[in-house]
Amino acid sequence: MDGIELMASAMHAMQARVDVAAANLANASSDGFRRSVARVTLGSRGLVTSSAADDAPGTLRHTGRALDLTVSGSSGGIVVRDAAGRIALVRSASFERVASGEWRDARGRTLLCERGALRAGADATVDERGVVSDAAGHAVGRLRLAGGNSVQSGFVEGSNVDAVHEMVDVLGAQRAFETAQKTLSAIDEVRARSASDVARVKA
């Protein structure tokens with residue numbers, strides 16, 4: 001790999017790094033959002049940026065709503081199902097009771113218990129084990145939990161994005177992009193001058 005190819009790969013890698021940080025910033029206020037961590041590595045094709053989710057928990061915000069649920073721990077979550085039947089895990093969500101008695105989040109996903117879709121009144125409560133009880137204290141279901149986590153009712157988990165850190169990362173990636181761009185231009189200029197000198201000598 002020559003210098004121009006290396007600098008071009010560096011520019012692509014830094015642009016990808018900026019894109020990751022920008023996506024994190026765009027979701028800084030999204031409850032339950034997990035930031036992506038950009039990693040730049042050098043391989044046979046030059047510099048490449050990959051990303052992986054940061055499992056660090058976000059800050060809990062107390063709402064007092066029994067239908068606001070979040071899980072403890074760094075992995076696992078509450079099991080929900082979307083309209084297409086796809087199963088997903090969420091760490092934190094605000095649910096609303098619909099006419100059928102099911103609890104659904106803002107994206108229309110249904111909260112699942114061990115026997116299928118949870119059906120409970122809006123005045124139901126959820127304990128830390130995921131047991132759902134009606135107003136009289138009778139258990140009406142138990143949430144499906146993955147990862148052996150406990151549940152906190154009346155809380156939502158905020159994003160784990162540090163906006164200041166992401167802005168610093170954007171600026172660092174932009175400077176690195178500019179440096180690679182200037183280096184590429186310098187290499188190209190040197191090559192053009194060398195080719196011109198060789199042509200004059202031959203003449």
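Taking the criterion of being more than 17 Å from residue 156 (Cβ to Cβ), part of a loop (DSSP other than H, G, I, E, B) and in contact (Cβ under 8 Å) with a residue 24 or more places away in the chain, the residues of region 77-121 that qualify are 82, 83, 108, 114, 115, 118, 121.
Scanning region 1-39 for residues that are of a type in the set (A, V, I, L, M), over 25 Å from residue 91 (Cα atoms) and part of a helix (DSSP H, G or I) gives 4, 6, 7, 8, 10, 11, 13, 14, 16, 18. Could you go through region 183-192 and let me know if any residue there is of a type outside the set (Val, Ile, Thr), in contact with a helix residue (DSSP H, G or I) (Cβ under 7 Å, 6 or more places away or on another chain) and either in a helix (DSSP H, G or I) or modelled with pLDDT of 90 or more (or both). Scanning region 183-192, I find at least one residue that is of a type outside the set (Val, Ile, Thr), in contact with a helix residue (DSSP H, G or I) (Cβ under 7 Å, 6 or more places away or on another chain) and either in a helix (DSSP H, G or I) or modelled with pLDDT of 90 or more (or both), so the answer is yes.
Entry remark, region 105-146: residues being out of contact with any Cys (no Cβ under 7 Å at 6 or more places or on another chain), open to solvent by 70 Å² or more (accessible area, probe 1.4 Å) and of a type in the set (Lys, Arg) number 4 in total.
Of everything listed in (1) under 17 Å from the mean Cα position of the chain (by Cα); (2) surrounded by 14 or more Cβ atoms within 10 Å (Cβ to Cβ); (3) not hydroxyl-bearing (Ser, Thr, Tyr), the single unmet condition for residue 56 is (2). Given the structure, is residue 169 part of a helix (DSSP H, G or I) and either modelled with pLDDT under 90 or within 26 Å of residue 87 (Cβ to Cβ) (or both)? No.
The values are calculated or read from the model by the stated rules, or taken from the named source; none is laboratory data. What you see is a predicted model; the values in this text were computed from it and never measured. Virtual Cβ from ideal backbone geometry, glycine too; neighbours counted across all protein chains shown. What goes into the accessible areas is simple: the full protein's heavy atoms, side chains included, and nothing from ligands, DNA or RNA. Shrake-Rupley method; radii C 1.70, N 1.55, O 1.52, S 1.80 Å.
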